[in-house]
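Encoded as structure tokens, the structure appears first; notes follow it.
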Amino acid sequence: MSSVQQSLGNVSVSMTPQERFEEYLQSRGLRQTGQRRLLVDQVFSRHEHFDADMLMENLPRKGQPGYVSPATVYRTLKEFVDAGLLNSFQLDGRTVFEHDYGYPQHDHLYCTQCRKLVEFQSDELVEFRDRVAAEQGFRVSDHRLIINGVCADCSRARRRKKRKQDLV
């Protein structure tokens, strides 16, 4: 029986993302700004995969209170990755971000049609990874696996379109 888990839990952490980021900034001699604080709050207010454009769509527009420039958004997202708050990876030519801090190691299924990204954990996959690494004398720090394909919803939609009664 497979031990693939689709509902990922949280990992216990000692600091909030805001506290962790503040510690990171202090260690680099940088100061916490209202814009950085707003971005931490926005990013960690819900769990979802996102790119910089999606984040900026949820922020105040130019001329509104709380506006954050695109340059500041991109720079701060890089700082979030450097601080260990977010992971980033390339998907269809765009940089996608996801929570790392307080979140377990996991992998992804990616639908190339609707762009749905499904997270999963697999004990068997980790065991296989560790066995292959040990055989090669390799010490694993982490891994990233993205399986590309077509989700069940898109597969059903494609099959429905090809029925004879739909073609008449």
query = When the chain is modelled as a GNM with alpha-carbon springs shorter than 10 Å, which of GLN42, GLN32, GLN136 fluctuates the most?
reply = GLN136
note = Between the Cα axis of helix 17-27 and the main Cα principal axis of the chain, the angle (0 to 90°, nearest 10) is 50 degrees
remark   = If one compares the long axis through the Cα atoms of helix 70-82 with the longest principal axis of the Cα atoms of the chain, the angle in degrees, nearest 10, works out at 80 degrees
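From the convex hull of the Cα coordinates of segment 104-168, what is the mean projected area in square nanometres? The partial results should precede the final answer.
On the way: hull surface 24.2 nm².
Mean shadow area of the hull around the Cα atoms is 6.1 nm².
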Ranked list, fewest to most other Cβ atoms within 10 Å of each Cβ, for LYS116, LYS78 = LYS78, LYS116
request  = Kindly put LEU109, LEU86, LEU55 in sequence by how many other C-beta atoms sit within 10 Å of each C-beta, fewest to most.
outcome  = LEU109, LEU55, LEU86
message = With just the Cα atoms defining each centre, how far is segment 33-57 from segment 70-147? Give it in Å.
response = 18 Å
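Counting Lys and Arg as +1 and Asp and Glu as -1, what is the net charge of the other residues whose Cβ lies under 13 Å from the Cβ of ASP107?
On the way: positive: ARG129, ARG144; negative: GLU98, GLU119, ASP123, GLU124, ASP142.
So the surrounding residues net to -3.
Going from the alpha-carbon gyration tensor of the chain, what semi-axes, largest first and in whole Å, does one get by taking the root of 5 times each eigenvalue? Don't skip to the answer; put the middle values down first.
Values: eigenvalues 225, 137, 33 Å².
The equivalent ellipsoid of the chain has semi-axes of 34, 26, 13 Å.
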message = What is the angle, in °, between the Cα long axis of helix 152-161 and the longest principal axis of the Cα atoms in the chain? Nearest 10 is fine, range 0 to 90.
response = 50 degrees
task = Select from ILE146, SER14, GLY84 the residue farthest towards the positive end of the dipole of the chain; place +1 on Cβ of Lys and Arg, -1 on Cβ of Asp and Glu, and compute about the Cα centre.
result = ILE146
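Taken together, the values in this text are just the output of simple stated rules run on the coordinates, not laboratory data. Not measured: the values here are computed from a predicted model. FYI the Cβ positions are ideal-geometry reconstructions off the backbone, even for glycines, and counts take in every protein chain you see.
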